[in-house]
Amino acid sequence: MGRFKKINYAIVFNFLGVLLLLNSAFMLLCVPVSLYFEESSWIGMLWSGLVTLVFGLIIYLLTRNADKNVGRREGYLVVGLGWIGMAIFGALPYLFTISQLSEQAQQANAMNFTNAFFETMSGFTTTGATILQDIEIMPKGLLFWRSLTHWIGGMGIIVLTIAILPLLGIGGMQLFVAEAPGVTTDKLHPRITDTAKRLWIIYFIFTLLQTFLLKIAGMNWYDATNHAMSTMATGGFSTKNMSTSFWNDNPLIQYIIILFMFLAGTNFVLNYYLIKRKFKKVFTNQEFLFYTGLIIVLTLASTIILHFFADTENSTIINNSLSNNTENHQLYPLEESFRQTLFSIISVITTTGFVSADYTRWTPFLTSIFFALMFTGGMAGSTSGGIKVIRHVLLIKNSYSEFKRLLHPNAIIPVRLNNNPVPPKIVYNVLAFFMIYMLIFAFGSIIMTLLDASHIPNYTEFLSSMTVTATSLGNIGPAFGKYSPVDNFSEMTTAAKWFCSFLMLLGRLELFTILILFTPLFWRK
């Protein structure tokens with residue numbers, strides 16, 4: 001006899017069918033958008049939705065009598081295969097609409113299956129890296145789908161399914177644990193379906209609120225909706241070639257985006273407490289204090305450096321004229337320096353990836369800060385990617401506890417978070433995660449250099465490959481070098497795009513959910 005029960009493949013495919021049905025519903029939502037703007041792309045969107053609907057329906061009906069019991073292995077399979085399946089079918093709108101575009105648009109945004117899959121995986125994983133060279137020439141219905149992939153993937157399509165389809169009778173805890181970002185999963189309600197519903201309600205309300213605020217601040221409804229979806233998902237897709245720097249002359253718009261990027265990078269359980277006015281639970285949370293304090297300290301330091309010491313010849317804020325007051329070394333006015341650094345720091349630390357300035361050209365010191373922020377991430381339980389702040393907090397606390405243990409070898413000194421002892425298994429999990437994450441980054445950088453180098457690799461090639469690996473694994477979006485915040489990923493080789501797509505999925509699902517599928521132990525009968 002085997003050690004584990006046989007994997008229930010029927011329920012895995014049954015759930016995949018449900019996911020495809022939901023995916024088709026979201027695709028069909030884009031058809032009215034295309035019709036409203038009188039675009040012929042509605043045909044491609046309609047066909048994409050129908051094809052996905054048919055495949056989803058067939059898979060669901062063929063497995064509708066499956067045993068509804070979902071174990072841990074089934075949960076990991078559903079999440080891993082579900083995201084891949086969503087990305088494959090989610091690429092159809094790009095492929096079905098490209099033939100209907102003008103010759104100019106087709107030349108500017110060459111679309112094959114690799115590019116379509118890369119763009120879709122970047123969307124669902126909320127990475128925000130794009131291969132589109134001219135975004136504004138693309139159909140608005142397709143760009144709406146592009147932003148919608150962010151919004152779906154932000155809170156997680158699996159959690160959405162658990163929230164709205166409890167009548168399926170499928171156990172949801174295994175799926176929620178497999179997909180939910182962070183070290184622990186706080187529950188707002190004993191029932192997992194109720195927790196998922198409340199998280200999605202907060203997510204939806206914040207999206208609507210930001211949409212209205214952006215409209216009031218000066219955006220049109222279309223741009224406001226797209227940017228609200230991208231912000232709350234900490235994604236980074238924009239409807240403008242210049243990203244959010246298009247509105248650099250409108251500080252109110254950027255401050256609104258800053259606020260909601262911050263909220264999206266905050267644990268949504270704390271956002272729930274904030275709405276319920278349970279302020280003590282928010283402002284005594286050590287992860288939140290570290291997250292907020294890090295942003296404040298880095299913003300103040302970066303503002304001073306940018307305002308007084310940045311090099312006028314090498315620094316650029318997109319779409320803005322530079323101050324030529326070189327006598328006082330003032331590159332930007334103080335308010336603009338504060339706004340641009342705050343925007344960029346929150347954008348990177350929350351892994352949103354919106355761009356208001358090319359921060360890689362400010363100063364070498366500031367560039368190193370932004371590179372370090374690629375390994376930070378937002379709070380656990382948020383829509384952000386990356387390592388997550390709570391893991392850094394636990395690593396620091398555990399390191400400090402080691403000093404105490406050296407001085408008092410016989411004492412039992414637990415790691416504490418919010419005055420509660422952290423179980424050793426969680427500390428071990430954090431240590432393992434951090435080690436594996438850094439190993440993947442190191443080896444991934446080497447692989448990316450080999451895959452993406454068009455000639456003998458040099459320092460610039462390696463810098464680009466290294467930061468592309470970091471930004472893909474952390475679901476951030478912009479990188480450095482030839483893939484800087486003002487560039488795109490269109491020139492990347494085909495092999496490198498597939499490797500990036502794998503890293504995006506790996507990072508979005510917190511490493512273990514995907515890596516466990518490659519272990520013999522998982523498949524042992």
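The values are calculated or read from the model by the stated rules, or taken from the named source; none is laboratory data. Treat the numbers as computed from the prediction; the structure is a model and nothing was measured. Glycine also receives a Cβ, built like all others from the backbone with ideal geometry; neighbour counts cover every protein chain displayed. Note: areas computed on protein heavy atoms with side chains; ligands, DNA, RNA excluded. Shrake-Rupley method; radii C 1.70, N 1.55, O 1.52, S 1.80 Å.
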Does LEU439 fit the bill of being open to solvent by less than 10 Å² (accessible area, probe 1.4 Å), modelled with pLDDT of 90 or more, of a type in the set (A, V, I, L, M, F, W, C) and within 23 Å of PHE370 (Cα to Cα)? no
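Residue-by-condition table, conditions (1) surrounded by fewer than 22 Cβ atoms within 10 Å (Cβ to Cβ); (2) outside any helix (DSSP H, G or I); (3) without any contact (Cβ under 8 Å) to a residue 24 or more places away in the chain; (4) of a type outside the set (Val, Ile, Thr):
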{"residue": "GLN210", "(1), (2), (3), (4)": "no, no, no, yes"}
{"residue": "LEU213", "(1), (2), (3), (4)": "yes, no, no, yes"}
{"residue": "TYR222", "(1), (2), (3), (4)": "yes, no, no, yes"}
{"residue": "THR231", "(1), (2), (3), (4)": "no, no, no, no"}
{"residue": "GLY236", "(1), (2), (3), (4)": "no, yes, no, yes"}
{"residue": "THR239", "(1), (2), (3), (4)": "no, yes, no, no"}
{"residue": "PHE246", "(1), (2), (3), (4)": "yes, no, no, yes"}
{"residue": "LEU252", "(1), (2), (3), (4)": "yes, no, no, yes"}
{"residue": "TYR255", "(1), (2), (3), (4)": "yes, no, no, yes"}
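Counting just the residues of the range 367-392 that are part of a helix (DSSP H, G or I) and open to solvent by 10 Å² or more (accessible area, probe 1.4 Å), which one comes out nearest to VAL282 (Cα to Cα)?
If we filter the range 367-392 for residues that are part of a helix (DSSP H, G or I), which is where we start, we get 367-373, 389-392.
With open to solvent by 10 Å² or more (accessible area, probe 1.4 Å) added as a condition, the list becomes 367-369, 371-372, 390, 392.
Working: THR367: 31, SER368: 31, ILE369: 27, PHE371: 29, ALA372: 26, ILE390: 14, HIS392: 19 Å.
My answer is ILE390.
Which members of the range 54-69 meet the condition of being assigned to a loop (DSSP other than H, G, I, E, B) and either closer than 12 Å to PHE13 by Cα or among the small types (Gly, Ala, Ser) (or both)? Can you show your working first?
Going through the range 54-69, the residues assigned to a loop (DSSP other than H, G, I, E, B) turn out to be 63-69.
THR63, ARG64, ASN65, ALA66, ASP67, LYS68 - these are the residues of the range 54-69 that are assigned to a loop (DSSP other than H, G, I, E, B) and either closer than 12 Å to PHE13 by Cα or among the small types (Gly, Ala, Ser) (or both).
From the set of residues in the range 183-208 that are part of a helix (DSSP H, G or I), among the hydroxyl-bearing types (Ser, Thr, Tyr) and modelled with pLDDT under 90, which is surrounded by the most Cβ atoms within 10 Å (Cβ to Cβ)? Full working, then the answer.
First, the residues of the range 183-208 that are part of a helix (DSSP H, G or I): 192-208.
Among the residues that remain, those that are also among the hydroxyl-bearing types (Ser, Thr, Tyr) are: 193, 195, 203, 207.
Retained after the next criterion (residues that are modelled with pLDDT under 90): 193, 195.
On the way: THR193: 18, THR195: 24.
Selected residue: THR195.
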Which one of the conditions (1) in a helix (DSSP H, G or I); (2) at pLDDT below 90; (3) open to solvent by 90 Å² or more (accessible area, probe 1.4 Å) does GLU313 fail to meet, given that it meets all the rest? (1)
Does ASN267 meet the test of being buried (at least 21 other Cβ atoms within 10 Å of the Cβ) and either small (Gly, Ala, Ser) or touching a residue at least 60 places away in the same chain (Cβ under 8 Å) (or both)? yes
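Condition check ((1) within 24 Å of PRO485 (Cβ to Cβ); (2) in contact with a Ser or Thr (Cβ under 7 Å, 6 or more places away or on another chain)) across all residues:
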residue	(1), (2)
LEU373	yes, no
ASN410	no, no
MET435	no, no
SER445	yes, yes
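Can you tell me how many residues within the range 395-435 are closer than 26 Å to LEU505 by Cβ, open to solvent by less than 40 Å² (accessible area, probe 1.4 Å) and touching a residue at least 40 places away in the same chain (Cβ under 8 Å)?
Initially, the range 395-435 is screened for residues closer than 26 Å to LEU505 by Cβ, giving 395, 425-426, 428-435.
Adding the requirement that they be open to solvent by less than 40 Å² (accessible area, probe 1.4 Å) leaves 395, 426, 430, 432-433.
Narrowing the set further to residues that are touching a residue at least 40 places away in the same chain (Cβ under 8 Å) leaves 426, 430, 433.
Qualifying residue count for the region: 3.
Taking the condition at pLDDT 85 or above, open to solvent by 70 Å² or more (accessible area, probe 1.4 Å) and either closer than 22 Å to THR130 by Cα or of a type in the set (Gly, Ala, Ser) (or both), does LEU450 pass? Spell out the reasoning first.
Working: at pLDDT 85 or above: yes; open to solvent by 70 Å² or more (accessible area, probe 1.4 Å): yes; either closer than 22 Å to THR130 by Cα or of a type in the set (Gly, Ala, Ser) (or both): yes.
Taking the combined requirement at face value, the residue satisfies it.
For the range 329-364, how many residues are in a helix (DSSP H, G or I) and β-branched (Val, Ile, Thr)?
Restricting attention to the range 329-364, the residues satisfying the condition of being in a helix (DSSP H, G or I) are 334-349, 359-361, 364.
Imposing the further condition that a residue be β-branched (Val, Ile, Thr) reduces the set to 341, 345-346, 348-349, 360.
Residues meeting the conditions: 6.
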Looking only at residues that are surrounded by fewer than 17 Cβ atoms within 10 Å (Cβ to Cβ) and among the β-branched types (Val, Ile, Thr) in the range 453-485, which one is modelled with the lowest pLDDT? ILE456
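Against the condition β-branched (Val, Ile, Thr), surrounded by 13 or more Cβ atoms within 10 Å (Cβ to Cβ) and under 14 Å from the mean Cα position of the chain (by Cα), how does THR363 come out, does it pass?
Details: β-branched (Val, Ile, Thr): yes; surrounded by 13 or more Cβ atoms within 10 Å (Cβ to Cβ): yes; under 14 Å from the mean Cα position of the chain (by Cα): no.
No.
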Pick from the range 344-360, criterion within 17 Å of GLY385 (Cα to Cα) and of a type in the set (Ser, Thr, Tyr), ranking: surrounded by the most Cβ atoms within 10 Å (Cβ to Cβ): THR352
THR519 meets each of (1) surrounded by 14 or more Cβ atoms within 10 Å (Cβ to Cβ); (2) at pLDDT 85 or above; (3) β-branched (Val, Ile, Thr) with one exception, condition (1)
Does ASN23 qualify as being of a type in the set (S, T, N, Q) and within 18 Å of PHE124 (Cβ to Cβ)? yes
In the range 103-116, the residues that are open to solvent by less than 20 Å² (accessible area, probe 1.4 Å), at pLDDT 90 or above and among the hydrophobic types (A, V, I, L, M, F, W, C): ALA116
I'd like the full set of residues that are open to solvent by less than 90 Å² (accessible area, probe 1.4 Å) and of a type in the set (D, E, K, R), limited to the range 34-77. GLU39, LYS68, ARG73, GLU74
